[in-house]
Amino acid sequence: MGYRLTRRGILSGGALGAAASLTACATGSASLAEAKGAFPPSAAPLPLFGPAEGQALLSRNENPYGPSPSALDAISKSASKGAYYTNAEAIQSLMKLIAERHGVDPEQVVVTTGSGEALSAIALIYGPKGPIVAPRLFWDTTSLYAANLGMASITRIPLTADMEIDYAGIEAAITPQTGMVQLCNPNNPTGLTTPGSVIRPAVASMAAKTTVVVDEAYIELTDDESAITCMPLVKEGKNVIITRTFSKIYGMAGIRVGYTISSAETAAKIRATVMSSAPCTSTAAAIACYNDEAFITYSKGKIVEGRQMVEATLGTLGLPYLKSQTNFVYFQSGKPANDLQKAMAAEKISIRGQYMDYVPWSRVSMGKIEDVTRFCKTLPRLIGA
């Protein structure tokens with residue numbers, strides 16, 4: 001179980017949690033919340049590049065410790081050649097690096113401008129075939145992209161009482177008309193991770209009936225990536241697509257590089273559907289830092305340090321939270337999420353507000369350690385602890 005409850009959390013968050021559950025049961029309001037999606041826009045406007053002076057930006061799951069020096073050096077050198085289109089051989093070099101790490105053929109890899117583009121393309125391919133079946137809370141922006149174009153619909157399966165993904169419920173919802181299943185492991189915004197012993201057999205069973213997409217954007221931040229990833233299912237020839245990104249562990253959210261791994265046949269469909277091509281600077285940066293183990297270790301260490309600080313603060317305050325293996329934590333403060341977001345914004349600390357109709361749940365991302373420290377010192381005062 002990933003749900004950490006305390007006596008104070010039950011007393012302070014229980015009424016709000018019950019209200020949220022009742023709200024979710026009201027068909028009209030639940031449908032409206034699902035149509036809007038799990039990821040509302042940030043409340044406060046941001047400067048063009050990064051946070052404003054004095055602002056703690058802890059709302060967007062970014063990693064401010066990137067890009068790595070190796071990536072920055074590659075960007076600088078490649079930018080001087082920005083007059084030229086990205087060389088196809090450069091893309092192929094990155095595909096080969098990715099394929100070599102995961103033990104697949106380069107033809108099974110598709111490089112995109114962030115995994116968001118890949119997931120949007122996948123939604124456009126499979127959405128017209130029938131509903132996208134997914135957990136009620138997941139990173140749904142790309143599925144909604146197709147839905148808002150009239151090319152897909154989403155069938156959302158409620159989370160369990162512990163806020164876990166209900167894999168049995170998702171499989172039960174698959175019909176011959178299903179377009180695909182979309183999962184996120186670790187999940188966003190809950191931060192919960194499903195172990196490989198649970199997710200792999202579930203996905204293998206689903207993949208015998210329909211295409212299954214597993215978004216692994218945060219998997220490099222988990223305790224044991226190899227024990228969690230669904231990559232072995234792709235290598236076994238299952239109808240599975242894995243998506244990954246350079247936005248998180250590599251700290252390149254604004255540089256935009258992601259990729260998919262699937263069968264070569266599926267990869268060809270994705271490649272034909274993506275809407276753009278990676279810039280020379282993005283490609284060069286990805287090649288330079290993909291195997292930069294020193295930076296990866298440093299980056300993960302800073303994220304884990306910040307996460308442990310947040311969890312220690314929540315534990316001291318007796319607030320319920322979900323045990324995360326990502327760069328964010330989903331928790332209850334005893335205040336409605338939007339109220340806490342506004343109170344934090346007044347302190348120049350940016351966190352996320354309410355997701356759909358989950359009124360009591362807030363999400364805070366791991367930023368620079370000094371910004372995480374500000375959050376940890378401010379939270380007790382704002383909740384009257």
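For the stretch 51-93, applying the loop criterion from DSSP together with a ceiling of 15 other beta carbons within 10 Å to the chymotrypsin sites (Phe, Trp or Tyr not before Pro) yields TYR84, TYR85.
Model label sites at ALA272 and ALA161, defined 7 Å from Cα along the beta-carbon direction, differ in position by 4.9 nm. Inter-label distance, ASN338 to GLU236: 4.5 nm, where each label sits 7 Å from its Cα along the C-beta direction.
Applying 0.36 nm per residue to the separation of GLU100 and THR141 and subtracting their alpha-carbon distance, the gain on full extension is 11.7 nm.
For the stretch 69-291, a/c is not less than 1.5, where a ≥ b ≥ c are the root eigenvalues of the C-alpha gyration tensor, and a/b tops b/c. That puts it in the prolate class. Within the stretch 315-335, which residues have the backbone N less than 16 Å from the label spot 7 Å out from ILE383 along Cα→beta-carbon, could you tell me? Within reach of a label on ILE383, which here means backbone N under 16 Å from a point 7 Å along Cα→Cβ, the stretch 315-335 contributes 315-324, 329-335. What FRET efficiency would be calculated for the residue pair VAL304, THR175, taking the C-beta separation as r and a Förster radius of 56 Å, to the nearest 0.05? With R0 = 56 Å, the Cβ-Cβ based efficiency is 0.85. Rounded, prolate or oblate, given the Cα gyration tensor of the chain, with a/c below 1.5 counting as rounded? In terms of gyration-tensor shape, oblate. Toward the positive end of the charge dipole of the stretch 69-291, with +1 on the Cβ of Lys and Arg and -1 on the Cβ of Asp and Glu, the farthest Cα among ALA121, SER70, TYR167 is that of ALA121.
For the chain, the share of DSSP beta bridges that are antiparallel, to the nearest 5, is 55%. Simple spin-label estimate for SER29 and LEU48 gives 4.2 nm between the two label positions (7 Å along the Cα-to-Cβ direction from each Cα). For the chain, the mean residue ellipticity at 222 nm estimated from helices alone is -13500 deg cm²/dmol, where every DSSP H run of n ≥ 4 contributes -39500 (n - 2.57) and the total is divided by all residues, rounded to the nearest 500.
Taking a ≥ b ≥ c as the square roots of the eigenvalues of the Cα gyration tensor, the stretch 42-179 is classed as oblate, since a/c reaches at least 1.5 and a/b does not exceed b/c.
Look at the alpha carbon pairs under 8 Å that are at least 6 residues apart: their mean separation over the length of the stretch 64-210 gives a relative contact order of 19 percent. For the stretch 69-291, the antiparallel share of DSSP beta bridges with both residues in that region comes to about 35%.
Bear in mind that the values in this text are calculations on the coordinates, not laboratory data. Computed from a predicted structure; not experimentally measured. Cβ coordinates were reconstructed from backbone atoms using ideal geometry, including for glycine residues, and neighbour counts include every protein chain displayed.
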